[in-house]
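FYI, it's all coordinate maths here, none of it is from the lab. It should be emphasised that the depicted structure is a prediction, and the values quoted were computed from it without experimental measurement. Every residue, glycine as well, gets a Cβ built from its backbone with ideal geometry; the counts of neighbours run over all protein chains shown.
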Amino acid sequence: MREPVNRTILLLDIERFSRRDDVVQAVLRRTLNTVVDRTLVTAGVEATQQYREDRGDGLIVLISGDVAKTAVLRALLTVTPELLHDHNRLAAGGAQMRLRMVLAAGEVAHDPQAGTTGGLVGHDLNQAFRLLDSDALRRALAGQADGHCVLAVSTPVYEGVVRHGHHGVRPELFRHTDVTVKDGVLSAWIQGGGAAAGPAEGGEAGSAAPQPPAQAQAPAPAPPPERPSGAVFHFHGAPVVHGSLVGGDQHGVSGGQVTGDVILGGSGTKSAPAGRAGEPRTEDGGRS
């Protein structure tokens, strides 16, 4: 067995591949290779800097450690979804293709055997496959109505690349999840499939969006004071009322002079003043 070397590990798997017939599967395999070709060209990966292994419904791609992971990640986030969109908008329903993808890093050895292909060995590669096959990643893709792919990155890739927010890489679009595997728990960071509203396979619960504070209700305006019913007289000036009978409320009396008998509000009977008896008065103050 050769010595293990550090590699960027890219795994891809076609959703619901085994449900297609042989003709469609062949088309999907060719399309997947074309998508990977164009994605890696965009990332600046030369043919001599990669190793590919066909997995039937997917691919293993090992990329040389001297290729920047930021370039590979940017291509996976931008170029790959666009290529899948271009394929799916022209393909029949049975030939649509959606991908689960994992980007990890670690030590991988190559142990080829005579007469066979493959022979990759490495704990980090095994862990990356467990992320690819996890229920969390499958649910993330299934939860997308119009999406074409989801991407999970391992903790070393997230800590070393994603969280630093390099050009074209937005860490806020990745959500953390814990994946339970047969020998423990793996942490992963998933981009695509929407933000988690709750825990995913042992992951952290998403925080609820803060609600805006309730606005205080303005006090209702006080009703206007009731105006008295009946006639209201306004006098201007300095009124002087002689020998009058005033009944009810009076408002706005200021200034002016009034002579004679004044009867305001209601009715009343007033006897004639001395020296003028025999001249009865009507209620409005006039002589009969």
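Restricting the range 37-107 to GluC sites (Glu not before Pro) that sit in a DSSP loop and have at most 14 other Cβ atoms within 10 Å of their own Cβ leaves 46. If you plug the beta carbon distance of residue 185 and residue 117 into 1/(1 + (r/R0)^6) with R0 = 25 Å, you get a FRET efficiency near 0.15.
Residue-wise HN-Hα couplings along the range 141-155, as the Karplus relation 6.51 cos²θ - 1.76 cosθ + 1.60 with θ = phi - 60° gives them from phi, are 6, 5, x, 8, 6, 10, x, 10, 6, 10, 10, 10, 10, 6, 4 Hz; Gly and Pro carry x. Annotation for residue 16 and residue 89: the two label points, set 7 Å from Cα along the Cα-Cβ direction, are 2.1 nm apart.
Computed extension gain for residue 33 through residue 170, at 0.36 nm per residue and net of the alpha carbon distance, reaches 46.6 nm. Working note: Karplus 6.51/-1.76/1.60 with θ = phi - 60° gives the range 168-181 the couplings x, 10, 10, x, 5, 8, 9, 10, 7, 8, 9, 10, 7, 10 Hz, where Gly and Pro are set to x.
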